[in-house]
Amino acid sequence: DGRRDIISARDVGRAVAAAVLAAPEQVRERVFNVGTGHPTALRDLVHTVLRESGSSAALVEGTLPGSARSAAVLDAVPAVHRARATLGWVAHDDVATAVRDALAGSGLRRAS
C-alpha cells in the first residue's frame, strides 16, 4: 500500500504566505518543500474520505493495473525541515481536517 503526504489546502496557503512575508534574503533562490512530513497510507485516506463524507460505500481492493510509476514509489513524503527552520512554518491540519475541508469546499453532496 502506497503512502503519501496528505496536506490541507489551508496549510499550503499558510506556507505560501510565510514565504511571501519572509525577508527576501531568506527565500531568494531557495526551494521549500511543503507537506506534513508524515506518510498516510492511501487505504487509510480512502477510509477517511468515506467516513468524513458519510458515505456508505466500501473500499474494494483488488489487483487492477495502475500506474507503474506510482506503484514503484511506495512512500512520497517531502523533507520539510527547511520550511520549518527558515520560515518557521509547519503544517497544522491532520488528514481528517484536510478531507473535511476539501469536502466542504467541493460543493458536492452525498446522494440521498
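The values are calculated or read from the model by the stated rules, or taken from the named source; none is laboratory data. What you see is a predicted model, and the numbers here were worked out from it, not measured in a lab. Reconstructed Cβ throughout: ideal geometry from the backbone, glycine too, with neighbour counts over all protein chains shown. Surface areas here come from the heavy atoms of the whole protein model, side chains and all, with no ligands, DNA or RNA. Shrake-Rupley method; radii C 1.70, N 1.55, O 1.52, S 1.80 Å.
A few remarks follow.
- Karplus (6.51, -1.76, 1.60) ³J(HN,Hα), θ = phi - 60°, over region 50-55, in Hz, Gly and Pro reported as x: 4, 5, 5, 7, x, 6
- Model label sites at His81 and Ala58, defined 7 Å from Cα along the beta-carbon direction, differ in position by 4.5 nm.
- Using alpha-carbon coordinates, inclination of helix 95-106 to the longest axis of the chain, degrees: 80
- Across the accessible surface of the chain, with the other protein chains kept in place and a 1.4 Å probe, carbon and sulfur atoms take up 56 percent.
- Size-normalised alpha-carbon gyration radius of the chain, reference 2.2 N^0.38 Å: 1.27
- In terms of its C-alpha gyration tensor, region 27-89 has an oblate overall shape, because the principal axis ratio a/c (a ≥ b ≥ c, square roots of the eigenvalues) is not below 1.5 and a/b does not outweigh b/c.
- Surface exposure of the chain, expressed per residue as accessible area with a 1.4 Å probe, stands at 69 Å².
- Among Ala22, Ala41, Ala91: highest mean-square fluctuation, GNM of the chain, C-alpha pairs under 10 Å: Ala22
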